[in-house]
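Right, one structure below, let's go through it.
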Amino acid sequence: MSLRGTPNLQSLQLWHANIWQLYPAIMNQAALPYKPRTSVGIALPRLDSPCFRIMPKRSIPIVTTLILDMKFSDGEELRKAAYMLSLFPSLQTLRIWCYNFLRSNKDNNVPGQWQLPAADTVVCLSNKSLKNVTLQEYCGTEAEVEFARFIVAGAKALTTMHIFHHAAANWSDDDINNHKDLICRGGKASTKARVNFHKSKNSEKSLRKAYSSVHRVPIV
């Protein structure tokens, strides 16, 4: 597959693709039109998928947007997600859906100290590439706070972190301010970084209703 014959291409999106099976045949600069501003977005499979494997020597510099679905109640997935960021040196936008139907910090069984990588070893953080981060269905668990703090303290070009907190949490302004303080406790690598909280429009009830209404699942 080559996209060299599409000189006007502005955006390429690959959804739920195991990109290391495609690279370098597709996911390299030679396969794209010569246009540095082309946006390339990747939505990876669930990190707990048994068929998903990380090949650490296959970094993909053309990806600018990364979408992850992960369980923050799983310490291994937290470490995997943090490590994977180093494989996308040109990453500008990171979006994470938190699969974490939890009610409070007490429900999280992940032990402390996740041994996340040093921020200066994650290229998209240290080279002023990553600018926008979104956490969807955030519950405020210890692991979620740790990951958000890791990004804020390490991303030198971060401008906005949008956190959509779980609708069932029903947080007050004081709760939100406390979570902001926890996330920013390690400091901000970027003076422009802003952490904004929003109430999610989704809910556990609506999500489970959507799951139970599924009638057809095509698997490609």
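The values are calculated or read from the model by the stated rules, or taken from the named source; none is laboratory data. Not measured: the values here are computed from a predicted model. Note: ideal-geometry Cβ built from the backbone for every residue, glycine included; neighbour counts use all protein chains shown.
Points worth noting:
- Any hit, segment 147-161, residues being on the phi > 0 side of the Ramachandran plot and not charged (D, E, K, R): no
- Residue satisfying condition, being at pLDDT 65 or above and assigned to a loop (DSSP other than H, G, I, E, B), within set 40, 63, 110: 63
- In the set (1) assigned to a helix (DSSP H, G or I); (2) at pLDDT 90 or above, the condition left unmet by residue 163 is number (1).
- Scanning segment 125-152 for residues that are out of contact with any helix residue (DSSP H, G or I) (no Cβ under 6 Å at 6 or more places or on another chain), in a helix (DSSP H, G or I) and under 20 Å from residue 64 (Cβ atoms) turns up just one, 151.
- Filtered residue count, segment 159-183, keeping only those that are farther than 22 Å from residue 71 by Cα and touching a strand residue (DSSP E or B) at 6+ places or on another chain (Cβ under 7 Å): 2
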